[in-house]
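Engineer: Structure below; questions to follow.
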Amino acid sequence: MAQWTGRAARRLCASFLQVWGLPGCPPRPNSRTMSTSEKDFENAQSQVKHLEDPGNEVKLKLYALHKQPTEGPCNVPKPGVFDVIHRAKWDARDALGSLPKETARRSYVHLASSLSASSDPSRLAGPGAANRAGYETLVVTSEGGISQIMFNRPAKKNAMNLQMYNEIMLALDAASKDDTVITVLTGNGDYFSSGNDLTNATEMPPGGLEEKANNNSNLLRKFVSCFIDFPKPLVALVNGPALGIAVTILGLCDVAYASDKATFHTPFTSLGLSPEGCSSYTFPKIMGLAKAAEVLVFGKTLTAGEAYAAGLVAEVFPDSTFQKEVWTRLQAYAKLPKNAMRTSKQLLRSLEKERLHAVNAEECELMISRVQSDECKNAFANFLSRKAKL
Ligand code: COA
């Protein structure tokens, strides 16, 4: 991306933002009636006006995050494929699905401030600068002592592509170092996450399947390690169905709350794969060997109620009140003494850490041979040719 500097560049950038319909100088609301968040939103809009060109992808994200709180979810007809700009804008809005207005507003503020920070060269030099850049597959916000990492590929049921794995690691690293008290993982749209993006398997490196299997295994090991080592309370809000890795990491979260629309499915055997995310160790501990075998070996889908009975989730809420109830609770928890919470979390996990890292290594090693098996190749080919849904 070309770096634009100086006043002329800012003018150019501002007019570019206008062409894209991005907020420049909104009418000033009466300051006495503005809530803090409206003020933040207004400030963020003026930060955006002064940004150097952040690139089209980020501009589209800003555009969509600005429209969501001001106009609500995208409900205009989809423009034709040749109407390139309007189609790109429509896609960006549509990708936000039913993201709540307040979340969109917070995300806009957060993205604007991280872009502002990263256009300041003195801040870019510091460690962790990359974490302040905008995320493409996540919406990351932080407010009231809680940082939220929201999977944001709703059109793909929040399937985790390679970029999302990397961004989740970055976001967890940033959350582990910031001054928030609790970290929350959730999904945008109707799914929590459909797990590993099965199209990850389609890009083949020069060394073929063996190299691919090794690369994926290394990535998975690093990814799962971030959860094992995460130092603060980590809460999963399972807003809808969860599959594969999105289920197994729940065993590494401190608490999971679920909507009654959530389901839990680990179709490892149908895919010719084996359990990951330390589930071969955590699930038998959490739910007993027989239940864990049903879930991990036979791929039985658990309803939210069954996941609660098995101890995988702490509580299930009606979908209609899920967000309100869990956030009320989390906001209260975030006011508890921060260091005591952090120390207690670490104490609960300390005896397990070494064991979990060993299990992670073993699972990832086994994954290398499973990925290269005929059973796995056939299952992935079936998914990609849409012969079967799991
Ligand atoms: N990997 C790649 N793409 C995925 C995906 C995944 N894990 N989950 C969903 N998608 C994509 C679909 O291919 C589809 O893409 P398209 O619109 O370009 O065709 C889109 O997301 C919507 O999914 P769709 O299958 O149309 O929705 P659905 O409600 O009928 O079914 C699922 C949803 C999740 C049940 C189904 O997509 C599925 O079985 N996905 C595979 C899940 C999986 O095996 N995960 C790995 C576990 S180890």
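The values are calculated or read from the model by the stated rules, or taken from the named source; none is laboratory data. Quick caveat: nothing in here was measured; it's all calculated off a predicted structure. Heads up, the Cβs are rebuilt from the backbone with ideal geometry, glycines too, and the neighbour counts pull from every protein chain shown.
Engineer: Does Leu185 satisfy the condition of being under 18 Å from Tyr257 (Cα atoms) and modelled with pLDDT of 95 or more?
Structural biologist: Considered against the rule, which asks whether it is under 18 Å from Tyr257 (Cα atoms) and modelled with pLDDT of 95 or more, Leu185 comes out as yes.
Engineer: Can you tell me which residue among Asn378, Asn360 is modelled with pLDDT under 95 and either of a type in the set (A, V, I, L, M) or assigned to a helix (DSSP H, G or I) (or both)?
Structural biologist: Asn378
Engineer: Now for a different question. Do we have any residue at all in segment 214-237 that's in contact with an Asp or Glu (Cβ under 7 Å, 6 or more places away or on another chain) and under 22 Å from Leu99 (Cβ atoms)?
Structural biologist: yes
Engineer: Mind listing whichever residues of segment 276-297 are near the ligand (Cβ under 10 Å from one of its atoms) and in contact with a Pro (Cβ under 7 Å, 6 or more places away or on another chain)?
Structural biologist: Across segment 276-297, there are no qualifying residues.
Engineer: Looking at segment 220-275 only, could you name the residues that are aromatic (Phe, Trp, Tyr), assigned to a loop (DSSP other than H, G, I, E, B) and more than 11 Å from the ligand (Cβ to nearest atom)?
Structural biologist: Of the residues in segment 220-275, the ones aromatic (Phe, Trp, Tyr) are 223, 227, 230, 257, 264, 268.
Restricting the remaining residues to those that are assigned to a loop (DSSP other than H, G, I, E, B) gives 230, 268.
Answer for segment 220-275, where residues must be aromatic (Phe, Trp, Tyr), assigned to a loop (DSSP other than H, G, I, E, B) and more than 11 Å from the ligand (Cβ to nearest atom): just Phe230.
Engineer: What about Leu330, is it buried (at least 17 other Cβ atoms within 10 Å of the Cβ) and either closer than 18 Å to Leu237 by Cβ or not assigned by TED's automatic domain parsing to the domain that holds Lys285 (or both)?
Structural biologist: yes
Engineer: Pull out all pairs, ordered by first then second residue, where Cβ-Cβ is under 7 Å, the residues are six or more apart or on different chains, the first lies in segment 147-167 and is over 17 Å from Asn200 (Cα atoms) and touching a residue at least 12 places away in the same chain (Cβ under 8 Å), and the second is charged (D, E, K, R) and more than 12 Å from the ligand (Cβ to nearest atom).
Structural biologist: Ser147/Asp178
Engineer: Would you say Gly311 is part of a loop (DSSP other than H, G, I, E, B), within 16 Å of the ligand (Cβ to nearest atom) and of a type outside the set (Asp, Glu)?
Structural biologist: Taking the combined requirement at face value, the residue does not satisfy it.
Engineer: Here is a further query. Among the residues of segment 92-113, is any more than 30 Å from Pro77 (Cα to Cα) and either touching a strand residue (DSSP E or B) at 6+ places or on another chain (Cβ under 7 Å) or at pLDDT below 60 (or both)?
Structural biologist: No.
Engineer: Just checking, does segment 282-291 include any residue being of a type in the set (A, V, I, L, M, F, W, C), in contact (Cβ under 8 Å) with a residue 24 or more places away in the chain, in a loop (DSSP other than H, G, I, E, B) and in contact with a Gly (Cβ under 7 Å, 6 or more places away or on another chain)?
Structural biologist: No, segment 282-291 contains no residue that is of a type in the set (A, V, I, L, M, F, W, C), in contact (Cβ under 8 Å) with a residue 24 or more places away in the chain, in a loop (DSSP other than H, G, I, E, B) and in contact with a Gly (Cβ under 7 Å, 6 or more places away or on another chain).
Engineer: Still on this structure: Considering Gly272, Gly277, Gly288, which residue is over 23 Å from Tyr191 (Cα atoms) and surrounded by 17 or more Cβ atoms within 10 Å (Cβ to Cβ)?
Structural biologist: None of the others qualify; the one that does is Gly272.
Engineer: Here is a check on your reading of the model: is Ala88 of a type outside the set (Lys, Arg) and modelled with pLDDT of 80 or more?
Structural biologist: Spelling it out, Ala88 is indeed of a type outside the set (Lys, Arg) and modelled with pLDDT of 80 or more.
Engineer: Restricting to segment 144-161, count the residues that are under 12 Å from the mean Cα position of the chain (by Cα) and within 16 Å of the ligand (Cβ to nearest atom).
Structural biologist: So the count comes out to 9.
Engineer: Just the residues that are more than 16 Å from the chain's Cα centre (by Cα) and either outside the structural domain of Thr301 (by TED's automatic domain parsing) or within 12 Å of the ligand (Cβ to nearest atom) (or both), please, taken from segment 191-215.
Structural biologist: Within segment 191-215, Leu198, Thr199, Asn200, Ala201, Thr202 meet the criteria.
Engineer: Do we find a residue being within 27 Å of Thr282 (Cα to Cα) and among the polar types (S, T, N, Q) anywhere in segment 378-385?
Structural biologist: no
Engineer: Could you list, ordered by first residue, the pairs with Cβ atoms under 6 Å in which the first is in segment 75-101 and on the phi > 0 side of the Ramachandran plot and the second is at pLDDT 85 or above and part of a helix (DSSP H, G or I), at least 6 apart or interchain?
Structural biologist: Qualifying pairs under 6 Å: Gly97/Pro154.
Engineer: Here's something else I'd like to know. Sort out which residues of segment 207-230 are in contact with a Pro (Cβ under 7 Å, 6 or more places away or on another chain) and surrounded by fewer than 18 Cβ atoms within 10 Å (Cβ to Cβ), and write them in order of number.
Structural biologist: We begin by selecting, within segment 207-230, every residue in contact with a Pro (Cβ under 7 Å, 6 or more places away or on another chain); these are 211-212, 215.
Listed by number, the residues that qualify are Glu211, Asn215.
Engineer: Only residues that are surrounded by fewer than 20 Cβ atoms within 10 Å (Cβ to Cβ) and assigned to a loop (DSSP other than H, G, I, E, B): list them for segment 170-206, please.
Structural biologist: Asp178, Asp179, Asp190, Glu203, Met204, Pro205, Pro206, listed by residue number.
Engineer: Taking the conditions exactly as written (loosely packed, with under 13 Cβ neighbours inside 10 Å, over 25 Å from Gly251 (Cβ atoms), at pLDDT below 95 and over 23 Å from the mean Cα position of the chain (by Cα)), does Ser385 satisfy them or not?
Structural biologist: Values: loosely packed, with under 13 Cβ neighbours inside 10 Å: yes; over 25 Å from Gly251 (Cβ atoms): yes; at pLDDT below 95: yes; over 23 Å from the mean Cα position of the chain (by Cα): yes.
Here the answer is yes, as Ser385 does meet what is asked.
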